[in-house]
Amino acid sequence: MRLEDKVKGLIKDKIEELGYELVKVEIGREWGTKTLSIFIDKEGGINLKDCEIVSKSIEPILDEADLFKEKYYLIVSSPGI
């Protein structure tokens with residue numbers, strides 16, 4: 001199973017419980033550090049507060065799962081237009 005799919009399985013229910021849709025999970029690298037990008041959406045669009053709410057809610061889930069063996073940045077964002 002791909003790491004993105006594992007992450008999705010861990011956080012999807014929590015994100016939906018908060019009233020958002022999990023659109024996409026991407027693992028990449030920026031500035032030499034691993035990134036975990038979570039794209040969310042909801043009717044009416046996403047704002048910075050929505051990203052903060054989701055980030056704070058899923059961070060403990062991801063920390064407990066300990067899927068990443070190196071430091072990473074968690075990025076929660078809208079999927080764009």
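The values are calculated or read from the model by the stated rules, or taken from the named source; none is laboratory data. Keep in mind that what you see is a predicted model, and the values were worked out from it rather than measured. In this analysis, Cβ positions are derived from the backbone assuming ideal geometry, glycine residues included, and neighbour counts consider all displayed protein chains. Just so you know, the surface numbers come from the protein's heavy atoms only, side chains and all, with ligands and any DNA or RNA stripped out. Shrake-Rupley method; radii C 1.70, N 1.55, O 1.52, S 1.80 Å.
Between Ala65 and Trp31, what is 0.36 nm times their sequence separation minus the Cα-Cα distance? Round to one decimal in nm.
Difference between extended and current length: 9.8 nm.
Which one, Ile61, Ile46, Ile75, projects farthest toward the positive side of the charge dipole computed for the chain from Cβ point charges (K/R +1, D/E -1)?
Ile75
With every protein chain left in place, what is the accessible area per residue of the chain in square angstrom, probe 1.4 Å?
Normalised by residue count, the accessible surface of the chain is 66 Å².
Counting only trypsin sites (Lys or Arg not before Pro) that sit in a DSSP loop (anything but H, G, I, E, B) with at most 10 other Cβ atoms within 10 Å, what is the longest stretch of the chain containing none of them?
For trypsin sites (Lys or Arg not before Pro) (loop position, at most 10 other Cβ atoms within 10 Å), the longest site-free span of the chain is 3-68.
Add -39500 (n - 2.57) for each DSSP H run of 4 or more in the chain, then divide by its residues: what number comes out at 222 nm, to the nearest 500 deg cm²/dmol?
-13500 deg cm²/dmol
Between Asp13 and Ser55, what length in nm is gained on full extension when 0.36 nm per residue of separation is reduced by their alpha carbon distance? Walk me through the numbers before you get to the answer.
Numbers: separation 42, 0.36 × 42 = 15.12 nm, distance 1.39 nm.
Gain in length upon complete extension: 13.7 nm.
Once every Cα of the chain carries one equal point scatterer and solvent is ignored, give the base-10 log of I(q)/I(0) from the Debye formula at q = 0.11, 0.24, 0.27 Å⁻¹, two decimals.
Here log10 of I(q) over I(0) equals -0.26, -1.24, -1.51.
For a test of understanding, tell me how many lysine pairs in the chain have Cα atoms under 13 Å apart, given they are 8 or more places apart or on different chains.
Lysine pairs, 8 or more places apart or on different chains, close enough: 6.
Report, in degrees rounded to the nearest 10, the 0 to 90 angle that the Cα long axis of helix 48-65 makes with the longest principal axis of the chain.
Once rounded, one gets 40 degrees.
Given just the C-alpha atoms of segment 9-56, how large is their convex hull per residue in cubic angstrom? Working shown, then result.
Details: hull volume 4.2 nm³, N = 48.
About 88 Å³ per residue, rounded to a whole number.
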